Amino acid sequence: MKTLALRLTTLLLGAALMPAQTPAQAPAQPADANAAFLAASDAYFDQLYLPYNPTGATLTGYHQYDAQLDSYSRASIDAEIAALHQFEQRIVAIPAAGLNPVNRADRELVLGNIRSTLLSLEVIRSWQKNPDNYSGAISNAAFSLMERKFASPDDRLRSLIARERQMPALLLDARKNLVNPPRVYTEIAIEQLPGIVAFFQHDVPLAFVDAKDAALLQDFATTNAAVIAALNDYQAWLKSDLLPRSNGDFRIGADTFRKKLSYDEMVDTPLDQLTAIGRANIAKNQAEFNRIARELEPNKDPRAVLEELGQNHPAPDKLLAAFRATFDGLISFIQQHHIVTIPTDVRPILEETPPFMRATTFASMDTPGPFETHATEAYFNVTLPDPSMTPDQVESFMHSFNVGTVISTAVHEAYPGHYIQFLWVPQGPSRVRKLLGAASNAEGWAHYCEQMMLDEGYGQPGAGAANERESKFLRLGQLQDALLRNARFLVGIQMHTGSMTMDQAIAFFEKEGYQSHETAIVETKRGTNDPTYLYYTLGKLEILKLRDDLRKKQGAAFSLQKFHDDFLRQGFPPIKIVRATLLGDDSPAL
């Protein structure tokens, strides 16, 4: 799920673009605590959060930043850090006791976002360690102006030209900032760059074929050529200069891991307890997978059944159509079984994953920002096999899109997962809830839906499956996806606290997570830069517990659809906040 709150790009901007009014110059706070918080949170968004992330602002629907580019100069980084500390002091000074329930929770959301950003900039220091941040920021800045037609082609091209003029300097800042990155980070950047170069060579010009202004088109030819040249130079520098001296450590350590989990997800469960929870859940899902596999093939090892499941996939050139074909049945089941309210009949658009995202994702949902009013299309991205793959590699890759995981992924990304959650965002109770949130809510909801839909009867013969055998394969697909998320849960903790190497992580994804070797590699690479990607299973378990606790409290009055609607109505804050709202208490989320 794409939201500004999940920070697609690092929040950095050049000092020249800093707002005239800094936090220290902010007007005196109103006497009323609620008014003070609303003024402070609005100032945080308008003076820091949005202007320091112009690409994210474009994606969110704030188009006054369309001509600006995220800056990675050291002066910008230092200025942002100083501003974040000032805003932290301003928000802390507002007493939580004087706030209404929504503002009290939103205060914690804003503080968590500030502290997480400071942790990233001051402690994790990805701007100093990850070369892919820079080339990724460039491609994302262009893509944000291409993907939706929120303005005329000429107007969007004008903004792109302004951004492209700043892109070569951003890559020069990368050379100044990057110091001893982890080798895997540099390797990922090198792996991504050919696709990014091709993106600027082919996709970007194609997106603006309807532009009419001849002078603009000439300027674009110049700036785009300069960007391509700068990217090629950057790639050559990564290979010849940075890669040989990329000997850094990607691990963030236990203390930083705990802080990140607390700031991002409002989870303070000790890591050893989280590990025990993760191990118990992966064992439960493995046992269920093995049980169903033996029902299907009593004389085969479950691993052989997994191989059979993997072989049951669409042809690569039919993959997008296979996903599109799931929509009718999913929507009908949701409506007939009163699963959740679907706010609109408009469906997401299936497309191939953009080139700069393909190395680390198989599928994603790209929704318009909460304040986008002109171009409100949502895109369901699916990664197809790379043309350079051998036939054996293609076959292994396609095992991740078997008949079961196609359904599971469609549920996760679209109905009733990310897409439905996005459709509920306008009903969020505040501006804070529309801009800030938690991955354990967004990804937890989507992952929860995979299991919930089958538990409610989808995938039975006549309801998503042709027969009992196919129904069991659908459940195996859901469980395989659950095991993937279980493996992320444990790998993330163990890799970043030093008890698991990358090679051990790859083996763990294969053996314990029931994944192909190619998937295991992709997932391990992702985990090096996404340490808390346990949020899928974490959020799912929190939602299941919340649902059970609410059912116990309400008894016969409990309604699954009302629970889901009430859950989505809160925006996507940490589950701790949703629990307090729906249950009226501070009982444990796990």
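Among the residues of the stretch 529-582, the one identified as in a helix (DSSP H, G or I), surrounded by fewer than 22 Cβ atoms within 10 Å (Cβ to Cβ) and among the hydroxyl-bearing types (Ser, Thr, Tyr) is Thr581. Scanning the stretch 505-524 for residues that are assigned to a helix (DSSP H, G or I) and either surrounded by fewer than 20 Cβ atoms within 10 Å (Cβ to Cβ) or of a type in the set (D, E, K, R) (or both) yields Ala507, Glu510, Lys511, His517, Glu518, Ile521, Glu523.
Pairs linking a residue in the stretch 40-67 that is closer than 20 Å to Arg115 by Cβ and in a loop (DSSP other than H, G, I, E, B) to a residue that is charged (D, E, K, R) and at pLDDT 95 or above, with Cβ atoms under 7 Å and 6 or more positions apart or on different chains, are Tyr52/Glu80; Asn53/Asp70.
Would you confirm whether or not the stretch 239-259 contains a residue that is buried (at least 18 other Cβ atoms within 10 Å of the Cβ) and over 30 Å from Gly112 (Cα atoms)? Checked against the condition, which is being buried (at least 18 other Cβ atoms within 10 Å of the Cβ) and over 30 Å from Gly112 (Cα atoms), the stretch 239-259 yields at least one hit. Annotation: Met500 fulfils all but one of (1) buried (at least 24 other Cβ atoms within 10 Å of the Cβ); (2) assigned to a loop (DSSP other than H, G, I, E, B); the unmet one is (1).
What do you reckon, is Ala465 in the same structural domain as Asn312 (by TED's automatic domain parsing), among the hydrophobic types (A, V, I, L, M, F, W, C) and either buried (at least 18 other Cβ atoms within 10 Å of the Cβ) or under 22 Å from Thr269 (Cα atoms) (or both)?
yes
When we screen Phe380, Phe397, Phe422 for residues that are aromatic (Phe, Trp, Tyr) and at pLDDT below 90, the only hit is Phe397. Which one is nearest to Leu69 (Cα to Cα), of the residues in the stretch 130-180 that are touching a helix residue (DSSP H, G or I) at 6+ places or on another chain (Cβ under 7 Å) and aromatic (Phe, Trp, Tyr)? So, considering only residues that are touching a helix residue (DSSP H, G or I) at 6+ places or on another chain (Cβ under 7 Å) and aromatic (Phe, Trp, Tyr), the one nearest to Leu69 (Cα to Cα) is Tyr134.
With respect to the stated conditions, Ala287 fails to be under 21 Å from Asn402 (Cβ atoms), small (Gly, Ala, Ser) and modelled with pLDDT under 95.
So, in the stretch 460-487, how many residues would count as being out of contact with any Ser or Thr (no Cβ under 7 Å at 6 or more places or on another chain) and closer than 17 Å to Thr524 by Cβ?
Going through the stretch 460-487, the residues out of contact with any Ser or Thr (no Cβ under 7 Å at 6 or more places or on another chain) turn out to be 462-464, 466-476, 479, 482-484, 487.
Remaining after also requiring closer than 17 Å to Thr524 by Cβ: 483-484, 487.
Adding up the residues that qualify gives 3.
Out of Gly369, Gly329, one residue alone is on the phi < 0 side of the Ramachandran plot, in contact with a Leu (Cβ under 6 Å, 6 or more places away or on another chain) and either buried (at least 16 other Cβ atoms within 10 Å of the Cβ) or assigned to a strand (DSSP E or B) (or both). It is Gly369. Taken as a whole, the stretch 480-492 holds no residue that is at pLDDT below 95, assigned by TED's automatic domain parsing to the domain that holds Val425 and of a type in the set (Val, Ile, Thr).
Yes/no matrix, rows are residues, columns are (1) under 17 Å from Leu454 (Cβ atoms); (2) within 25 Å of the chain's Cα centre (by Cα):
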{"position": "Phe289", "(1), (2)": "yes, no"}
{"position": "Pro298", "(1), (2)": "no, no"}
{"position": "Val305", "(1), (2)": "no, no"}
{"position": "Gly310", "(1), (2)": "no, no"}
{"position": "Pro314", "(1), (2)": "no, no"}
{"position": "Leu319", "(1), (2)": "no, yes"}
{"position": "Gly329", "(1), (2)": "yes, no"}
{"position": "Phe333", "(1), (2)": "yes, no"}
{"position": "Val340", "(1), (2)": "yes, yes"}
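So that you can scan it fast, the table gives a plain yes or no per residue for (1) outside any helix (DSSP H, G or I); (2) touching a helix residue (DSSP H, G or I) at 6+ places or on another chain (Cβ under 7 Å); (3) more than 30 Å from Leu121 (Cβ to Cβ):
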site: Leu243; (1), (2), (3): no, yes, no
site: Asp255; (1), (2), (3): no, no, no
site: Asp264; (1), (2), (3): no, yes, no
site: Asp268; (1), (2), (3): yes, yes, no
site: Ala280; (1), (2), (3): no, no, yes
site: Ala283; (1), (2), (3): no, no, yes
site: Ala287; (1), (2), (3): no, no, yes
site: Lys300; (1), (2), (3): yes, no, yes
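Only one entry in Ala141, Ala211, Ala137, Ala151 is out of contact with any Phe, Trp or Tyr (no Cβ under 7 Å at 6 or more places or on another chain), buried (at least 17 other Cβ atoms within 10 Å of the Cβ), modelled with pLDDT of 95 or more and part of a loop (DSSP other than H, G, I, E, B), namely Ala211. Taken together, Ala225, Ala198, Ala236 contain a single residue that is assigned to a helix (DSSP H, G or I), at pLDDT 95 or above, under 22 Å from Pro153 (Cβ atoms) and not β-branched (Val, Ile, Thr), which is Ala225.
Of all residues in the stretch 300-334, how many are in contact with a Pro (Cβ under 6 Å, 6 or more places away or on another chain) and within 15 Å of Tyr458 (Cα to Cα)?
The initial filter retains those residues of the stretch 300-334 that are in contact with a Pro (Cβ under 6 Å, 6 or more places away or on another chain), namely 316, 322, 334.
If we keep only those that are within 15 Å of Tyr458 (Cα to Cα) as well, we get 334.
The qualifying residues number 1.
Residue by residue, here is whether (1) free of Cβ contacts under 8 Å to residues at least 40 places away in the same chain; (2) hydroxyl-bearing (Ser, Thr, Tyr) holds:
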position	(1), (2)
Ala230	no, no
Ser240	yes, yes
Ser246	no, yes
Ala254	no, no
Phe257	no, no
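Matching residues to (1) crowded, with 17+ Cβ neighbours inside 10 Å; (2) part of a helix (DSSP H, G or I); (3) without any contact (Cβ under 8 Å) to a residue 24 or more places away in the chain; (4) outside the structural domain of Gly527 (by TED's automatic domain parsing):
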{"residue": "Glu295", "(1), (2), (3), (4)": "no, yes, no, no"}
{"residue": "Gly310", "(1), (2), (3), (4)": "yes, yes, no, no"}
{"residue": "His313", "(1), (2), (3), (4)": "yes, no, no, no"}
{"residue": "Lys318", "(1), (2), (3), (4)": "no, yes, yes, no"}
{"residue": "Ala322", "(1), (2), (3), (4)": "yes, yes, no, no"}
{"residue": "Ile334", "(1), (2), (3), (4)": "yes, yes, no, no"}
{"residue": "Asp345", "(1), (2), (3), (4)": "no, no, yes, no"}
{"residue": "Glu351", "(1), (2), (3), (4)": "no, no, no, no"}
{"residue": "Met365", "(1), (2), (3), (4)": "yes, no, no, no"}
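The values are calculated or read from the model by the stated rules, or taken from the named source; none is laboratory data. The shown structure was predicted, so the numbers you read here are calculated from the model rather than taken from an experiment. All Cβ positions, even for glycine, are placed from backbone atoms using ideal geometry, and neighbour counts span all protein chains on display.
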